Structures are given as C-alpha cells and as structure tokens.
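Beneath this line is the structure, given in structure tokens, with notes to follow.
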Amino acid sequence: MQTKVLLIYTGGTIGMNRNPATGALEPFDFEHLLSSVPELEQFDTMIDTYQFQPPIDSSDMSPLRWTDLSHCIADHYDQYDGFVVLHGTDTMAYTASALSYMLENLTKPVIFTGSQLPIGQLRTDGKENLITSIEMAAAKDERGRALVPEVGIYFNARLLRGNRTTKQSAEEFNAFESFNYPHLAEAGVNISYHTSRMLKPDWDKPMTPHFRLDNNVIIFSLFPGIREDLIRHIIHTPNLKAIVMRTFGSGNAPQSPWLLNALKEGTRAGKVIVNISQCVQGQVEMSRYGCGYHLQEAGVVSGGDSTVEAAVTKLMFLQSHYDDPDEIRRQMQLSIRGEITTV
C-alpha cells in the first residue's frame, strides 16, 4: 500500500520570496513553494498539503497556533503515515517541544523542518531539508511501523528530538543542535536511523491528542547585579503560576538573602520555579555547590538537562492538566516525552 504524508505549511523562510520593492522577505503561495521542488513528483509516497491561512512568521507563533496544529494532526492522524511541518526557524524548537507534549503516545513521525534561505533561491537549504523530511516521515520498519515515532526536527542532514533541540545559529545551515541528546538519524548517501534512541510508544494504544495549554509562565535569566525589586515584581505577578529561572553553570545562583527569600515566598504562594542552566550543554545539579543547594531549600526544582524551550512548554502543558503545584513540580522532574535525562 502506498504511504501517505501530510505536508503542513505554517509559514517561515522556506516559503518566502523577496519583495522587489522593499527587499524584505514575505510569504508567498504554497503552490509556488511546491513548484520550486519538482523532485517531489519522483516520490512513491503520496503527498497531500495543508496550509495555515494566512501563513505566519514564526515570531508570531503562539499556544493558540500550537492548538491548531495539534488539531490538524489529530484530525488527519488515521489517514496518513507521517507528517511534515514547515515552520520558521526562530520558534521551531518551542513548537516542536509543545507538540511533543500535546501528542501523547505518538506512533507516527511528526517532522519539523524549514530553511535558512527561501526555497526559490539558488543556494537554498530548503530543498534537501524538505525532501529528506518527507522520506523520514514515510519510513517504516519490516513490521510496517514508523521508524521515527516521535516529534523531530530535521535540519542540515540531522534528525534531532524536537524537545531536546535549540536553535544555535541564525547564519549557518546547521541551525539546530540537541546538545544533551544524541541525533536520532543522520542523512548521507544513506539515512542512518538510530532506533535505540527513539521513543518507544505503546503500539497497541491510540495516540491521545491534547488541546489545552496554560501560558501563565515566564522565563528570566539571572545575571550579576540583578535587582531585587524587579525579581520581586516578577515573582508576585498576579496569575503567574510558574517561572523558568535560567541560572549559572550547573544551576547556581547568588546567595543573596533577598533572592532566596523572594524564591521562598514564590513557592509558598504556589508558584512552580524551575531551575534551568544558561549553558546549552550539561545539566542542573543543585546539590553540587552550596549556592545551588540553597535554591533547593527555597523550593526550586531542578529542570535537569532540559532546554528552556522544553521546560516552558512543559509547564504550559502540565498547568493545563493539574491544579496542584506539587504535582507539577514532581512531573517537571520526570521524563514524560524524552525531554530530560533521568537516572
């Protein structure tokens, strides 16, 4: 039976054209994008398309759009063997992380890709990214099961776990990296799939989609000289439920009494404060140094080796399902979609 892939275009550089009057990149019709890749006609895979109307710049991505995307995949889930999502690079890691939580027990590939140059330009990276993403979305093992049963980001010959990925460059074709998790696949002359690194769904159970997110969360970074009044203003913001606090090194923060007291006040008020390192590689170990240990005493929970993108979208997901801050704190330290390393 012929495999079927749904190609979902949300917007982004891959589908843009340069306005001759202003020189700015602007979205153009999806059919023009497809006509720029005649190689798609050589696929044995049937490729259908779905376009967001209007296409959006990835800077305008939002939880509402993530819900739209979750609905789109859920509504078409039984009709297709895999999904490829064309998306702008700036917020792709956020969207891929959010979708990994929203699509529970995913048994089919959802591959995000895009490009650093529009697909109509001569030196574009978009063609290879798109063609290989479709091939990966259609790939099955000898039992007919998807080789990539999870949300991934394909860029520059590498498939990465979506909720482990961060954009690392605005200039180079290798725009993304998963610093704390190995690649799921590499594409050279042949595609090498590392199946031992893939998530293992329950093949006998259906995929369960989720459509609710609670974005009462904020991210802030510590830095030398950070002001007490500003931190207290953030912590006491009405309706704020969670904070992703980007700390130094392996999860360290200044030992200023005012900071620890402010964090304690936040946790006592029911706010979930998650410790994420400002380093792109490595993990938070709050018991390693005294300044990290004090954060534990203040009720701050470790985000382990999570990316910022994975942590903030996970909080949005959990807050929409649980009212108990202690349950959210507990689950933030568990791997629910392969987003953190647990012992």
Legend entry - Residues in segment 180-200 that a label on GLN42 would reach, taking backbone N under 16 Å of a point 7 Å out along Cα→Cβ: 188-191
Inset, instruction - Once you have a ≥ b ≥ c as the square roots of the Cα gyration tensor eigenvalues for segment 279-343, tell me rounded if a/c is under 1.5, and otherwise prolate or oblate according to whether a/b is larger than b/c. - result: oblate
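Around VAL85, what is the net charge, scoring Lys/Arg as +1 and Asp/Glu as -1 over all other residues with Cβ under 14 Å from its Cβ?
Surrounding charge for VAL85 is -1.
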Inset, instruction - Would you list, by chain and number, the lysines whose Cα falls below 29 Å from the Cα of LYS4, excluding same-chain residues fewer than 8 positions away? - result: LYS108, LYS127, LYS140, LYS200, LYS205
Inset, instruction - List the extent of the Cα atoms of segment 196-304 along each of their three principal axes, largest first, rounded to whole Å. - result: 53, 33, 21
Legend entry - Probe 1.4 Å - accessible area at ILE234, Å² to nearest ten: 40 Å²
Legend entry - Accessible-area composition of segment 216-343, carbon plus sulfur, in percent [1.4 Å probe]: 51 percent
Inset, instruction - Taking the Cα centre of the chain as origin, work out the dipole magnitude from +1 charges on Lys and Arg Cβ and -1 charges on Asp and Glu Cβ, in debye rounded to 20. - result: 1000 debye
Inset, instruction - Determine the share of segment 44-201's accessible area contributed by carbon and sulfur atoms, expressed in whole percent, with a 1.4 angstrom probe. - result: 46 percent
Inset, instruction - Only helical DSSP H runs with n ≥ 4 go in: add -39500 (n - 2.57) per run for the chain, normalise by residue count and round the 222 nm mean residue ellipticity to 500 deg cm²/dmol. - result: -8000 deg cm²/dmol
Legend entry - Label assignment, percent of Cα pairs over 39 Å apart derived from the structure, set [x] 22; [y] 17; [z] 9: [y]
Legend entry - Solvent exposure of segment 66-208 as accessible area per residue, Å², 1.4 Å probe: 38 Å²
Legend entry - Where GLU327, GLU150 fall by accessible area, highest first, once all protein chains stay in place (1.4 Å): GLU327, GLU150
Inset, instruction - Between beta-carbons, use under 11 Å as the cut-off and find the net charge around GLY266, counting Lys and Arg +1, Asp and Glu -1. - result: +4
Inset, instruction - List the aspartates and glutamates whose Cα lies under 20 Å from the Cα of LYS264, skipping any in the same chain that are fewer than 8 positions away. - result: GLU228, ASP229, GLU285, GLU297, ASP323, ASP324, ASP326, GLU327
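Just want to confirm a number: the relative contact order over the chain, from Cα pairs under 8 angstrom separated by 6+ residues, in percent.
15 percent
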Legend entry - Per-residue HN-Hα couplings for segment 142-152 [Karplus 6.51, -1.76, 1.60; θ = phi - 60°; Hz; x = Gly/Pro]: 5, 8, x, 9, 4, 6, 10, x, 6, 8, x
Legend entry - Distance (nanometres) between label positions extended 7 Å along Cα→Cβ at SER287 and LEU222: 1.9 nm
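The values are calculated or read from the model by the stated rules, or taken from the named source; none is laboratory data. Keep in mind it's a predicted model, so treat the numbers as computed, not measured. Please note: Cβ atoms are built from the backbone with ideal geometry, for glycine as well, and neighbour counts cover all protein chains shown. Protein only, heavy atoms only, side chains kept; ligands, DNA and RNA dropped before computing areas. Shrake-Rupley method; radii C 1.70, N 1.55, O 1.52, S 1.80 Å.
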